[in-house]
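Structure first, commentary second.
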Amino acid sequence: MKIAVLHWACSSVGGINTTLQTLREVAVKRGDTFHIFASDPQRTKRPQLLKERKKVRGGDTFITIDGYAPHHITNYAASADFLREYDLVM
């Protein structure tokens, strides 16, 4: 199963990141794909899966993401098309 998780900016992602990394571990052990996408209203970003996972600031801590799925008025449709390849979007 291919799972996409959309994360948007908030003041603290510590517990969110911990939970998502635990869910990712379980999914990978089951043989599933689990990608976390930063989904902010950023006009300059395009939906994409990064070559390597990376940590980005999420308020006072960091969150590890696999790519971007922005939802600005100029690119939300491209993000929706990009996410259609996933079986589940959270």
Amide H contacts under 5 Å for F34, placed H, 5+ residues apart: I3
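For I65, what is the net charge nearby, where nearby means another residue's Cβ is under 10 Å from its Cβ and Lys, Arg count +1, Asp, Glu -1? Walk me through the numbers before you get to the answer.
Numbers: positive: R53, K54, K55; negative: D66.
Taking every other residue near I65 into account, the sum is +2.
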Loop-located trypsin sites (Lys or Arg not before Pro) in region 34-90 whose Cβ has at most 14 other Cβ within 10 Å (DSSP): R43, R84
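Dipole size in debye (nearest 20) for region 2-89 around its Cα centre, Lys and Arg Cβ +1, Asp and Glu Cβ -1? Don't jump to the answer; show the numbers that get you there.
On the way: 13 positive and 9 negative charges, 44 e Å.
Charge dipole of region 2-89: 220 debye, to the nearest 20.
Compute the length gained on full extension between R57 and T44: take 0.36 nm times their separation in residues and subtract their Cα-Cα distance, giving the result in nm to one decimal. Before the final figure, lay out each step's value.
Numbers: separation 13, 0.36 × 13 = 4.68 nm, distance 1.79 nm.
So the extension gain works out to 2.9 nm.
Working from the alpha-carbon coordinates of the chain, get Rg over Rh, Rh being the Kirkwood radius. Walk me through the numbers before you get to the answer.
Numbers: Rg = 12.6 Å, Rh = 13.2 Å.
Rounded to two decimals, Rg/Rh equals 0.96.
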³J(HN,Hα) computed for each position of region 46-53 - Karplus, 6.51 cos²θ - 1.76 cosθ + 1.60, integer Hz, glycine/proline x: 10, x, 6, 9, 6, 5, 9, 5
Cβ-based exposure ranking for S12, S79, in which fewest neighbours within 10 Å come first: S12, S79
Calculated from backbone phi, Karplus (6.51, -1.76, 1.60) coupling profile of region 21-27 in Hz, x at Gly/Pro: 5, 5, 4, 4, 4, 4, 4
Amide H contacts of D40 (H built 1.01 Å from N, under 5 Å, at least 5 apart or other chain): A69, H71
Vicinal HN-Hα couplings computed from phi for region 29-45 (Karplus, 6.51 cos²θ - 1.76 cosθ + 1.60; Hz; Gly/Pro x): 4, 7, x, 8, 9, 9, 10, 9, 10, 6, 10, 10, x, 9, 5, 7, 8
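Read-outs: derived from the displayed coordinates by stated rules, not from any lab. These figures come from a predicted structure and were not determined experimentally. Note that each Cβ is placed from the backbone with ideal geometry, even for glycine, and that neighbours are counted across all protein chains shown.
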